[in-house]
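The structure under discussion appears below in the form of structure tokens.
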Amino acid sequence: MNFDFTEEQRAIRDLARDFAQNVIAPIAAEYDESGEFPLETVKQMGELGLMGIEVPEAYGGAGMDTLAYVLAMEEICKVDASHGTIMSVNNSLYCHGLLKFGTEEQKQKYLVPIATGQKIGAYSLTEPMSGSDAGTMRSRALRNEAGDFVINGRKSWVTSGPVADYITLFTVTNPDAEPKHKGISAFMIDADHPGFIRGKKEPKLGIRASATSEILYEDYVAPE
């Protein structure tokens, strides 16, 4: 059995290594100190295919396998954990779920611009009163008379929350479900939509360029 990396895997590893050392390394300390989100380098990573490595090329990604993703991630994180965290959230938490469960319309609107680096994605599960215990979350998405979902609640520790354009949000749609996690649904959230409010930015001891914040939802209407 051959355990050597494929030519494609070596190529993405080398590309990530060169980018990390030549582009990220010179600015990493500056961005970590200031806490500014490195938007321009993240866009460049998207143009190189690093923000959607396992996303098919038809949706703007690199169309590679998991090992290729891991090799590229190692090279980025070796130089700067902030860029690595942003890359990880985009690839794993955001793109994977949408790719597997999203409709074609959702993929075109919410996946393509994220995988190409044109937009920033985020993933929102944790809440102030429940942490990451999904079964005890308090946010709600309940239907109005028109049949649309109206979302209310507060999410915390949202990676890329201060700058995200689109967010995968988990919230309760059936409070009476047993077990509790069966009553949770995922929504694709547009940050420009009324009812979306960016809360406080969290101060951190490190990985500061990977911005983290609260997100509040006040009567955010998500069409059926």
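Out of G183, G131, G147, G199, I need the residue that is touching a residue at least 60 places away in the same chain (Cβ under 8 Å) and outside the structural domain of M51 (by TED's automatic domain parsing). Which one?
G147
All but one of (1) of a type outside the set (A, V, I, L, M); (2) within 25 Å of T212 (Cα to Cα); (3) surrounded by 19 or more Cβ atoms within 10 Å (Cβ to Cβ) hold for G97; which doesn't?
The one condition G97 does not meet is (3).
Of the residues A20, A11, A29, only one is under 22 Å from the mean Cα position of the chain (by Cα) and part of a helix (DSSP H, G or I); which?
A20
Of the conditions (1) in a helix (DSSP H, G or I); (2) modelled with pLDDT of 95 or more, G97 fails just one. Which one is it?
For G97, the failing item is (2).
Given the criteria closer than 26 Å to V23 by Cα, charged (D, E, K, R) and over 11 Å from the mean Cα position of the chain (by Cα), does E105 qualify?
In short, no.
Mind counting the residues in segment 167-197 that are at pLDDT 95 or above and charged (D, E, K, R)?
2
So, of the residues in segment 150-186 that are in contact with a Ser or Thr (Cβ under 7 Å, 6 or more places away or on another chain) and aromatic (F, W, Y), which turns out to be surrounded by the most Cβ atoms within 10 Å (Cβ to Cβ)?
Within segment 150-186, the match that is surrounded by the most Cβ atoms within 10 Å (Cβ to Cβ) is F170.
The values are calculated or read from the model by the stated rules, or taken from the named source; none is laboratory data. All of these numbers come straight from a predicted model, not from anything done at the bench. With ideal geometry, Cβ positions are generated from the backbone for all residues, glycine too; neighbour counts draw on all protein chains shown.
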